[in-house]
Amino acid sequence: MYNFEFAKPATITDAVKALAAEDAQALGGGQTLLPTMKQRLASPATLVSLNAIPEMIGVCVNDKGEVCIGGATTHATVAQEARAHYPGLAALASQIGDPAVRNRGTIGGSLANNDPSACYPAAALGSGALIKTNSRDIAADAYFQGMFATALAPGEIITEVRFPVPQKSNYQKFVQPASRFALVGVFVAKYADGVRVAVTGASTDGVFRWAEAEAALSADFAKGAIDALSPPKGDMIADLHGSADYRAHLVKVMTGRAVAAAG
Amino acid sequence: MTQVTMTVNGKSVSGKVEGRTLLAEFLREGLRLTGTHVGCDTSQCGACVVHVNGKAIKSCTALVADLDGADVRTIEGMANPDGSLSSLQQAFQDHHGLQCGFCTPGMVMSAAALLKENPKPTEHEVRGYLEGNICRCTGYHNIVKAIMAASGQDVSQIAAE
């Protein structure tokens, strides 16, 4: 990869300052960014590591009962420390990549990258999470704006993600057998005011909510409630791993499995 | 250039590195610890797995500059103090858990991390934990068997397929 300047600030304020430099790029766990830089698909002039900012690391529960996760918290830490508070989220984190990747990759990095096949966007959108940055709060419904596109402005850092905890939840991932990314992943969460269904891996627009399934499951939270639905419309990804129709079909299958597993 | 200091296999090392220097490069080219292998360089194969602050990571996908102050352990730091193989390494030899040996350093480091977290893993748990370690020779059976044996479990019923 091309060389770059390296900065490792200890506070969010210093990180924001460092990111104001020309062609500066934030570095989370680097599990996507570093391979991208090796291929010279990215060549930042400065990398600003967010891995030494104590206020951005850790899992806690606030007085509203929401699970709050620092932006630089690794998947392994979420899998372990969120288990008692939000088991569906912890289970999703425990399925990302492989153990070594989970020890480096971070929730903020995953959400900022918004890979169309990543797992965390499904949890954030499916939970109606709040994405807190150094300058504002962004609702998950307004945050995801298409494949690799988010509401983040240049230099803006995800400092924390707040998840309202559902009554029941489950994530079902149909893995692409070589990469282990989600060919289709569905996160289902049942809240007192309704059910949310978020789908990753399937659409060219990235993560999305399947509104028809949400309505049907809000009325009756049972696997059979979606039987009569057609698979979701939309621009499904079609590639050598699966056609658009196949992916749409998988969305329905994985939604049913998630509902059944959520209990 | 960034000045870094870290502990590698119990010894303090320091040096100036470029921002882009990967941990795997620093270990292999800087410290001549060539037991850590780079197979794919895309964080998929796991031959480069080392422990950083007690956790398994892929050293081809971590910057040295980001690991200042870290405690690193590589395959060279796995043997017993007298130089004999650790029980995990010995189990790989006893159960023929390697053929060409290229993936073995990463396999041993991942297995050691697993056994620290989960001292008596099931076969399913071993296979799950090795998802990020690719071996092209053994078909994994004997690697799994070696790790099960190293955890003190009876492996006589596991077929050497």
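The values are calculated or read from the model by the stated rules, or taken from the named source; none is laboratory data. Just so it is clear, the structure is predicted and the values come from calculations on it, not from any experiment. Cβ sites come from the backbone with ideal geometry, for glycine too, and all protein chains shown count toward neighbours. These accessible areas exclude ligands, DNA and RNA; they are computed on the full protein's heavy atoms, side chains included. Shrake-Rupley method; radii C 1.70, N 1.55, O 1.52, S 1.80 Å.
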Next on the checklist: Consider segment A:3-33. How many of its residues are under 11 Å from A:V48 (Cα atoms) and among the polar types (S, T, N, Q)?
Outcome noted: 1
Checklist entry - What number of residues within segment A:225-243 satisfy the criterion of being open to solvent by less than 30 Å² (accessible area, probe 1.4 Å), under 20 Å from A:Q176 (Cβ atoms) and aliphatic (A, V, I, L, M)? => result 2
Checklist entry - Which condition breaks for A:A82 when tested against (1) exposed (fewer than 15 other Cβ atoms within 10 Å of the Cβ); (2) over 30 Å from B:V38 (Cα atoms)? => result (1)
Checklist entry - Would it be correct to say that A:D63 is outside any loop (DSSP other than H, G, I, E, B) and open to solvent by 30 Å² or more (accessible area, probe 1.4 Å)? => result no
Checklist entry - Hey, among the residues in segment B:104-137 that are open to solvent by less than 20 Å² (accessible area, probe 1.4 Å) and assigned to a loop (DSSP other than H, G, I, E, B), which one's farthest from the other protein chains (Cβ to nearest Cβ)? => result B:C135
Checklist entry - If only one of A:T32, A:T11 is in contact (Cβ under 8 Å) with a residue 40 or more places away in the chain, within 13 Å of chain B (Cβ to nearest Cβ) and open to solvent by 30 Å² or more (accessible area, probe 1.4 Å), which one is it? => result A:T32
Checklist outcome for this item: Those residues of segment A:19-29 that are buried (at least 19 other Cβ atoms within 10 Å of the Cβ) and farther than 25 Å from B:A24 by Cα come to a total of 1
Checklist outcome for this item: Out of (1) assigned by TED's automatic domain parsing to the domain that holds A:D63; (2) farther than 17 Å from A:L92 by Cβ; (3) in a helix (DSSP H, G or I), the one A:A123 does not meet is (2)
Checklist entry - In segment B:69-94, which residues are part of a loop (DSSP other than H, G, I, E, B), over 22 Å from A:P99 (Cβ atoms) and out of contact with any Ser or Thr (no Cβ under 9 Å at 6 or more places or on another chain)? => result B:P81, B:D82, B:G83, B:S84, B:L85
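I need the strands (runs of 3 or more DSSP E) fully contained in segment A:132-224, keeping only those with at least 2 residues that are crowded, with 21+ Cβ neighbours inside 10 Å and either within 14 Å of the chain's Cα centre (by Cα) or within 14 Å of another protein chain (Cβ to nearest Cβ) (or both).
Values: elements: A:137-139, A:158-163, A:168-175, A:182-191, A:194-200.
Fully inside segment A:132-224 and qualifying: A:158-163, A:168-175, A:182-191, A:194-200.
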Item to check | Count - residues of segment A:35-61 that are of a type in the set (S, T, N, Q), more than 9 Å from every other protein chain (Cβ to nearest Cβ) and touching a residue at least 24 places away in the same chain (Cβ under 8 Å) | outcome: 1
Next on the checklist: Just the residues that are of a type in the set (V, I, T), open to solvent by less than 20 Å² (accessible area, probe 1.4 Å) and not in a strand (DSSP E or B), please, taken from segment B:1-45.
Outcome noted: B:T36
Checklist entry - Within segment B:52-70, can one find any residue that is free of Cβ contacts under 8 Å to residues at least 40 places away in the same chain, of a type in the set (S, T, Y) and surrounded by fewer than 24 Cβ atoms within 10 Å (Cβ to Cβ)? => result no
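Yes or no, residue by residue, for (1) of a type in the set (A, V, I, L, M, F, W, C); (2) within 13 Å of another protein chain (Cβ to nearest Cβ):
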{"site": "B:L27", "(1), (2)": "yes, no"}
{"site": "B:A62", "(1), (2)": "yes, yes"}
{"site": "B:I75", "(1), (2)": "yes, no"}
{"site": "B:D94", "(1), (2)": "no, no"}
{"site": "B:Q99", "(1), (2)": "no, no"}
Checklist entry - Among A:A72, A:A21, A:A84, which is the only one that is within 14 Å of chain B (Cβ to nearest Cβ) and more than 28 Å from B:Q44 (Cα to Cα)? => result A:A21
